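The values are calculated or read from the model by the stated rules, or taken from the named source; none is laboratory data. On a predicted model such as this, the values are computed, not experimentally measured, just so you know. Using ideal geometry, Cβ is built from the backbone for each residue, glycine included, and neighbour counts are taken over all protein chains shown.
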Amino acid sequence: MRRDGRRSSNIDDRRGQQLAGVGGGGLILLRIVPFLMRSKGGRFLLLIVGGLFLLSYFGLDGGLLNNMMGGGINGGSRSNAMSAQQQELADFVGIVLADTEDTWNVLFAEQNLSYVEPTLVLFTGAVRSACGVGQAAMGPFYCPADQQVYIDLAFYDELHLRHGAAGDFAQAYVIAHEVGHHVQNLLGIASRVNAAQTGLPETQRNQLSVQQELQADCFAGLWANHANRSRQVLETGDIDEALTAAQAIGDDTLQQQSQGTVRPESFTHGTSEQRAQWFTTGFEQGTLASCDTFGGVAR
């Protein structure tokens, strides 16, 4: 992806800040408890993780908990000093965010709507948000309560080294996907999905979550379409990098890698094939209507 675009001013750089005495592990527990409870070994591990979480919640320094858990996504200790490579990556993220702003401002204006630009928060290890305390192990996330995207840039090392998804456009896809959730929030799609999930069995709630995540993938492809048509940002191989990233983080692929088995009823983000398919749909068709993963239910 070309790097000669403007940099967004909507960057909140909190890297290097340490959070002491916070219960950030609680968010991770909420995400992994269903998986851990399905085996005896998992339940034993849950007891250990839960104990560490309680220690953190009641005052143990968050950095120590991070070390106990293997240092989060990239392992080991972190330095407050940012390397030149990290700064270059942060600069690139600012370019990507700016390009999403340019695209979505135009698309919203075409609908006679005003696009509210999100803030992108860079953090190290753990971060406070209006949705609670997030940790690097959760990966990038969007918080609708404060309309901010959060990312520990170490996630890109994980994407590359563990999942084989390298390249700058794989990195751009991650940002565009989270911005896609912001678009859903502004359009009221997210609130309608939340309302529709109320009272449903877990499997049906998961199905709606999958549709929501696939739409964010489609919105990422839609951004790539408009950004390239308007500003010629794509280089040879960029789309392949995005598709590789989308496939690397499909529910089926991640479950097979971590558990050795696949449970479709527990999917929350979609299969590798679905994620790549919906990114491609957004990129090839380039319209909001083409990204209706709900079949009209949540439009």
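On inspection, Ala190 fails the criterion of being within 21 Å of the chain's Cα centre (by Cα) and closer than 13 Å to His177 by Cα.
If the condition is being crowded, with 22+ Cβ neighbours inside 10 Å and among the small types (Gly, Ala, Ser), then segment 276-293 contributes only Gly282.
Of the helices (runs of 4 or more DSSP H) lying entirely inside segment 96-207, those containing at least 3 residues that are crowded, with 16+ Cβ neighbours inside 10 Å and modelled with pLDDT of 95 or more span 168-187, 189-197. In segment 249-273, of all residues being outside any loop (DSSP other than H, G, I, E, B) and of a type in the set (Ser, Thr, Tyr), the one that is nearest to Glu202 (Cα to Cα) corresponds to Ser266.
Candidates Glu235, Glu273: the one that is surrounded by fewer than 17 Cβ atoms within 10 Å (Cβ to Cβ) and without any contact (Cβ under 8 Å) to a residue 60 or more places away in the chain is Glu273. Per the conditions (1) touching a helix residue (DSSP H, G or I) at 6+ places or on another chain (Cβ under 6 Å); (2) within 14 Å of Leu214 (Cα to Cα); (3) not small (Gly, Ala, Ser), the sole criterion not satisfied by Asp292 is (1). Annotation note: of Ala276, Ala242, Ala246, Ala227, the sole residue that is of a type in the set (Gly, Ala, Ser) and either in contact with a Lys or Arg (Cβ under 7 Å, 6 or more places away or on another chain) or not in a helix (DSSP H, G or I) (or both) is Ala246.
Being surrounded by fewer than 22 Cβ atoms within 10 Å (Cβ to Cβ), within 17 Å of Ala170 (Cβ to Cβ) and in contact with a Ser or Thr (Cβ under 8 Å, 6 or more places away or on another chain): is that true of Ser230 here? When the stated conditions are applied, Ser230 does not pass them.
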